[in-house]
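The values are calculated or read from the model by the stated rules, or taken from the named source; none is laboratory data. The structure displayed is predicted, hence computed values, not measured ones. Cβ placement follows ideal geometry from the backbone for every residue including glycine, while neighbour counts extend to all protein chains displayed. Accessible surface is based on the protein model in full, side chains and every heavy atom, while ligands, DNA and RNA are left aside. Shrake-Rupley method; radii C 1.70, N 1.55, O 1.52, S 1.80 Å.
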Amino acid sequence: MKPGEGEDALVQEAWAMLAAGRHEEEVFARLAARTGEWHLCALAVCVALGVPRTDAEARLHELEPYFAEFERGEEELLAGTLTFVEMFLVDRVFNEYEGHLRDLLGTAARASGGHPGSLLAWFRAGRLTKLFLYFARVGVRAGRGSPPDFWAALTAAGELLAAQDGPDRAEVVAGLERCRSRHAALGAEQRRRVGVDRFPEPVS
């Protein structure tokens, strides 16, 4: 897609609206309704958010079918759809601490036995505390996954989070206690089973 006329101005306008605290969904809807340049407005919002232009163009190409489902006057509906399919998602650049935390949560996700695909957006956007609290609440799917690996990874992630100050710290600490309890219970059960296998009951 070649840069369209007025693209720089749209990017600046989108940036100003975002800086004023408006959500990207609202920013796109307002620009799109005013200009009628839906694709250009979507591109401008992405660039204003910090998405590399080449990535924004690739998203536009991939999500092209969604634009065809709406008509003029339905910009708010299109904005909601584009937000849902992650048109405006900004991939977070992780530091060493965040990268380690993300890897632990990724291990927990793989060991969970299945989780909503929408959680991928939380990983990409760096919503790591939200991911930890979600996994601590829902646990492992019954009969699936690997509970020992899940609770071990989640406990380690919770310990990292609990060591940091933040508005969700009390909730994180409560989640960590649940993780520790589940992890300890699994360890005790495993030791009990090993003991039974090693010293079977005498045959009468």
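How much of the accessible area of the chain, probe 1.4 Å, is carbon plus sulfur, in whole percent? Can you show the working numbers first?
Values: 6360 of 12150 Å².
Accessible surface attributable to carbon and sulfur in the chain totals 52 percent.
Could you state the number of Å between the C-alpha centres of the stretch 130-186 and the stretch 66-107?
If you average the Cα positions of each part, the centres end up 25 Å apart.
Radius of gyration and Dmax for the stretch 23-106's Cα atoms, expressed in Å?
Calculated on Cα positions, Rg and Dmax stand at 14.7, 46 Å.
Run the simple label-point estimate for Asp8 and Ala142 please: 7 Å along Cα→C-beta, distance reported in nm.
6.2
Which residue, Asp165, Asp55, Asp103, has the most motion in a Gaussian network model of the chain that connects Cα atoms within less than 10 Å?
Looking only at Asp165, Asp55, Asp103, the biggest GNM fluctuation is shown by Asp165.
In a Gaussian network model over the chain where Cα atoms closer than 10 Å are linked, find which of Ala79, Ala16, Ala111 has the largest mean-square fluctuation.
Result: Ala16 has the largest fluctuation of those listed.
Under 8 Å for C-alpha pairs, at least 6 residues apart: give me the relative contact order for the chain, rounded to a whole percent.
Working: 205 pairs, mean separation 30.0, N = 204.
The value is 15 percent.
Would you look at the GNM of the chain, springs on alpha carbons closer than 10 Å, and say which of Val45, Val173, Val90 moves the most?
Highest fluctuation of the listed residues: Val173.
Over the stretch 64-204, average the accessible area per residue using a 1.4 Å probe and give it in Å², no decimals. Don't skip to the end; give the middle numbers.
Working: 8720 Å² over 141 residues.
Value for the stretch 64-204: 62 Å² per residue.
Given that just one value was derived from the coordinates, which of [x] 23.3, 90; [y] 22.5, 81; [z] 17.8, 70 is Rg and Dmax of the Cα atoms in Å?
[x]
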